[in-house]
Amino acid sequence: MGGDDVFFLIARWLHALAAAAWVGGGLLLFLGRLRGGEQASALSRALRPLFPLVAPVLVLTGIVLTFHRLTAPTASGVYGAVLGVKIALALGLFLMAHRASRATSQGIGPGRRWGLFLLGGVVIYFLAELLQALTEAALRGR
């Protein structure tokens with residue numbers, strides 16, 4: 001395993017760790033908002049610093065991994081299309097999280113907004129697994 005391999009392994013690990021923190025934190029906020037009360041407010045205050053920390057890690061490692069995968073011999077049109085959907089959905093979630101942190105409600109209740117956020121995160125996780133399966137299939141020559 002060379003230096004490049006170690007670099008991309010660390011980038012994938014940081015990307016997955018940040019994504020888990022983002023979606024896991026979103027799940028906790030969603031469940032807390034469903035429950036309501038002071039406990040939900042305390043949870044929201046405790047998790048609020050998490051998102052500005054993990055967002056740059058997701059973006060930077062995502063950029064590195066995107067260029068790495070798209071320049072690999074295993075990249076295909078299907079891979080690029082799935083990756084494009086994943087990136088578009090992630091950008092939509094970043095925008096939704098940013099707006100939610102700045103706005104009060106804007107017509108969508110907090111429970112519904114966080115539910116959409118959580119659903120988007122779950123779909124992104126699925127797309128990440130699909131991308132991995134496409135890469136593995138290409139490596140096997142299928």
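None of the figures in this text is laboratory data; all of them are computed from the coordinates on show. Fair warning: this is a prediction, and the values are worked out from it, not measured in the lab.
When the helices in the chain are scored as -39500 (n - 2.57) per DSSP H run of 4 or longer and the sum is shared across all residues, what 222 nm value do you end up with, to the nearest 500 deg cm²/dmol?
Working: 5 runs with 122 residues, N = 142.
Rounded to the nearest 500, the figure is -30500 deg cm²/dmol.
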Practice problem: Can you tell me the 0 to 90 degree angle between the C-alpha axis of helix 110-140 and the longest principal axis of the chain, rounded to 10? | Solution: 10
Quiz item: Among [x] 2, 9, 13, 12, 10, 8, 7, 6, 5, 5, 4, 3, 3, 3, 2, 2, 2, 1, 1, 1, 0; [y] 2, 9, 19, 23, 21, 14, 7, 3, 1, 0; [z] 2, 9, 17, 22, 17, 12, 9, 6, 4, 2, 0, 0, which is the computed P(r) over Cα pairs in 5 Å bins from 0, in percent?
Solution: [z]
